[in-house]
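Please treat every number below as a calculation from the coordinates, not as lab data. This one's a predicted model, so the numbers in the text were calculated from it and none came from an experiment. All Cβ positions, glycine included, derive from the backbone under ideal geometry; neighbour counts span all protein chains shown.
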Amino acid sequence: MDTSRITRALVAAAALTALLCWGVLGQDAPSPDAQAKDAQSRDTKGLPPRATPGDYQAHAQAGTVTIAAEFKGHSVPTPEAAFTTEDYVTVEVGLFGPPEARVTLSQEDFTLRINAGKSRTKKSTPVPIQPYALVFKDLKDPEWVPPVPVESKSKTSIGGGGGGQGDPPPATPKMPFELVRAMQQRVQKAVLPEGERALPVAGLIFFSYHGKTASIRDMDLIYSGPAGKASLTLQP
């Protein structure tokens, strides 16, 4: 028996097997670009709907679609963090339907009626929805603590660091652009999406309101869209 021939055949077979395995692994392993796109896709998921419409403050039927909502006041909740705004109020909305149901969403389908009284008459003008981009300029992160100005650290109550009483106060530190951008992106992802969507779906909508929520006596979220019409009584 020619052992050298058998040995060469075994080596060739092992090399071919290794080459085929390397090719299969190379095909299965995602490229760095694919991994980055997959991570970006996971990061762009919006506000998840709650388990049922009953998990919200109020819900009502609009045709076959159930509109659910909860008033969040001047808070702007996102999956990652909660922010605040003084000039707007937030409503978290969820839409539910039968299996495989879809609905065309537009944020303009929603209005908010505030302090209309017991009659809830049409004479009370509903507050129109506001684009989320307008809320950006008013957003604040309650977790962010501005750094203490260097001047105030060096000064003492008795002379110490110089500076007279007529000196202007130090400028208020601003949140770094990177943090501002991250905050805005988180809010944008949590906004109620528009267009044709599979149910259930959820998100935030905003309305202009400069006062304190304690001044709100009654409030109704009104939906009028492709699914039908519904009115939800919310609690301040």
ask   = Label LYS140 and THR52 with points 7 Å out from Cα along Cα→Cβ: what is the distance between them in nm?
value = 3.9
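Once the convex hull of the alpha carbons of the range 169-236 is built, what does its volume come to per residue, in cubic angstrom? Mind dumping the intermediate values first?
Details: hull volume 10.3 nm³, N = 68.
Value for the range 169-236: 152 Å³ per residue.
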query = Hey, rough spin-label estimate for GLU80 and ASN115, points 7 angstrom out along Cα→Cβ, what's it come to in nanometres?
reply = 3.7
query = Between the range 218-233 and the range 47-97, how many Å separate their Cα centres?
reply = 13
task = Fewest Cβ neighbours within 10 Å first, please rank THR52, THR66 accordingly.
result = THR52, THR66
task = Would you please give the residues with an amide H less than 5 Å from that of GLY63, counting only those at least 5 places away or on a separate chain, with H modeled from the backbone geometry?
result = LYS229
ask   = HN-Hα J couplings of the range 75-91 from phi, Karplus 6.51/-1.76/1.60, θ = phi - 60°, integer Hz, Gly and Pro as x?
value = 8, 10, x, 10, x, 8, 6, 10, 10, 9, 8, 8, 9, 9, 10, 10, 10
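To the nearest 0.05, how large is the calculated FRET efficiency for GLU178 and THR64 if R₀ is 41 Å and r is the Cβ-Cβ distance? Walk me through the numbers before you get to the answer.
Numbers: r = 44 Å, r/R0 = 1.08.
Efficiency for this residue pair is about 0.40.
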query = Where does each of PHE83, PHE136 land when they are ranked from fewest to most other beta-carbon atoms within 10 angstrom?
reply = PHE136, PHE83
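Can you give the extra length, in nm with one decimal, that the chain gains between GLU108 and GLN188 once fully stretched, where that is 0.36 nm per residue apart less the Cα-Cα distance? Before the final figure, lay out each step's value.
Numbers: separation 80, 0.36 × 80 = 28.80 nm, distance 1.65 nm.
The span from GLU108 to GLN188 would gain 27.2 nm if fully extended.
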request  = Starting from the Cα-Cα distance between SER231 and ALA214, subtract it from 0.36 nm times their residue separation and give me the gain in nm to one decimal.
outcome  = 3.9 nm
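Could you work out the local net charge near GLN57, counting Lys and Arg as +1, Asp and Glu as -1, over the other residues with Cβ closer than 13 Å to its Cβ?
Net charge in that neighbourhood comes out at -2.
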